[in-house]
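Working notes, structure below.
Each value in this text was obtained by applying a stated rule to the coordinates, not by laboratory testing. Fair warning: this is a prediction, and the values are worked out from it, not measured in the lab. Ideal geometry is used to build each Cβ from the backbone, glycine not excepted, and the neighbour counts take in all protein chains shown.
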Amino acid sequence: MVKAIMKKVMVCVLTAAVVLSAAQPAAAEPASPVSSVDTVTKNNVAAKAVNGVTPTVNTKKNGTASIQKLAKTNKTSITISSKVTVNGVKYTVTTISAKAFANCAKAKKISLPSTVKTISKNAFSGAKKLKTITLQGTKAITVKKGAFNGLNTKKMTIKVSKKMSAKELKKLKKTLKKAGFKGKVKKA
């Protein structure tokens, strides 16, 4: 008889345990050891080197960045990446700021990504040997007056995408002329 009572007690305890565990909310998942990283606004921060070029950038909370300056380099060909990484966060490069290429005295060719929308005044000053600028985008960009200060643009060529429409090319040429550019603009 004691065994039968013990058996009934065990069945009741197990049933209660099952009912209680079903009534409990599921345990929350443990917090991830990796914290999420968000875009932030910061000025003059070093970005991770890309294509052998180390840029200093200003980042914005909207996920964009402007190239403030490049570390001193003896490279003759410089390619700016469409993205820069700062503290593990990727930002889209949209602006080339004043004196961005001041430390690139030996640069003969500079290639800018399609994400660049604005080139600021004095952006190319310091790149005295610059002969060719390649614009990867298919839309005309804003080039501020004086972007080529200190350079002989008569001997320079700006290459644009073959996919750029005639309308966009005309708009770009007009903007470049206002900025002081006197060289060739051609599709490549």
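Amide H contacts of T79: S111, each under 5 Å away and 5 or more positions distant or on a separate chain (H built 1.01 Å from N in the peptide plane; Pro and chain starts excluded). Using the Cβ-Cβ distance between A166 and N74 with R0 = 45 Å, the FRET efficiency computed as 1/(1 + (r/R0)^6) comes to roughly 0.70. Listed values for the stretch 145-157 are Karplus-derived 3J(HN,Hα) couplings in whole Hz (6.51 cos²θ - 1.76 cosθ + 1.60, θ = phi - 60°), namely 4, x, 4, 10, 3, x, 10, 8, 6, 4, 9, 9, 10, and x replaces Gly and Pro. Legend: residue pairs K99/K174; K139/K177; K108/K167; K83/K155; K69/K144; K109/K155, Cα-Cα distance threshold 20 Å; pairs beyond threshold, K99/K174; K108/K167; K83/K155. Computed from backbone phi with θ = phi - 60° and the Karplus coefficients 6.51, -1.76 and 1.60, the 3J(HN,Hα) list for the stretch 108-125 is 9, 10, 10, 10, 10, x, 5, 6, 5, 10, 9, 10, 7, 4, 6, 4, 9, 4 Hz; x is used for glycine and proline.
The slack between K106 and K178, meaning 0.36 nm per residue of separation minus the straight C-alpha distance, is 23.3 nm.
Magnitude of the Cβ-charge dipole of the stretch 42-187, K/R +1 and D/E -1, about the Cα centre, nearest 20 debye? Don't skip to the answer; put the middle values down first.
Numbers: 37 positive and 1 negative charges, 146 e Å.
The dipole of the stretch 42-187 has a size of about 700 debye.
Based on a Kirkwood Rh over C-alpha pairs, give the Stokes-Einstein translational diffusion coefficient of the stretch 42-187 at 20 °C and viscosity 1.002 mPa s in µm²/s. Using the Kirkwood radius from Cα pairs, D works out to 142 µm²/s.
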